[in-house]
Amino acid sequence: MTALETAPEFDAEVMAELEDLFGRPRLLELLGALDQEIAARLDPPSGDRAQLARDAHVLVSSSGALAFSSLSQACARLEHACLREADVEDALSDVLADAARARTAIAVLRAA
């Protein structure tokens with residue numbers, strides 16, 4: 001099994017398709033950019049609800065495009081909670097957990 005088949009938190013089939021489409025070097029660049037985006041937007045997360053919603057919105061797209069659907073969905077829930085003026089504590093906790101798992105998976109993929 002390759003790192004693409006064993007790393008957690010992403011759709012391995014979609015990731016393999018992305019590798020075929022972009023080539024491994026470009027995919028690794030994109031994964032590196034996602035890793036940096038996650039860190040910039042969530043480490044630490046903004047205390048401003050409007051900014052947190054914007055950060056979550058960006059990560060919905062970028063993580064979803066690179067097959068990290070769990071993180072994308074968690075970010076969508078966080079964005080929705082921010083925009084509804086609802087409690088964001090649980091949604092933010094889910095995002096941070098998914099983000100940590102995604103960053104670990106990215107590290108595994110980039111090291112392979």
Please label the shape of the range 35-79 as rounded, prolate or oblate, based on the square roots a ≥ b ≥ c of the eigenvalues of the alpha-carbon gyration tensor (a/c under 1.5 means rounded; beyond that, a/b larger than b/c means prolate, else oblate).
-> oblate
Where nothing but the Cβ of Lys and Arg (+1) and of Asp and Glu (-1) is charged, how large is the charge dipole of the chain around its Cα centre, in debye to the nearest 20?
-> 240
Could you give the distance between the Cα centres of the range 32-90 and the range 95-112, to the whole Å?
-> 15
For the range 18-25, just list the computed ³J(HN,Hα) in residue order, Karplus coefficients 6.51, -1.76 and 1.60, θ = phi - 60°, integers in Hz, with x standing in for Gly and Pro.
-> 5, 5, 5, 5, 9, x, 4, x
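Read the figures in this text as sums done on the coordinates, not as results from a lab. All values derive from a computational prediction rather than experimental measurement. Note that we place each Cβ from the backbone using ideal geometry, even for glycine, and neighbour counts take in every protein chain shown.
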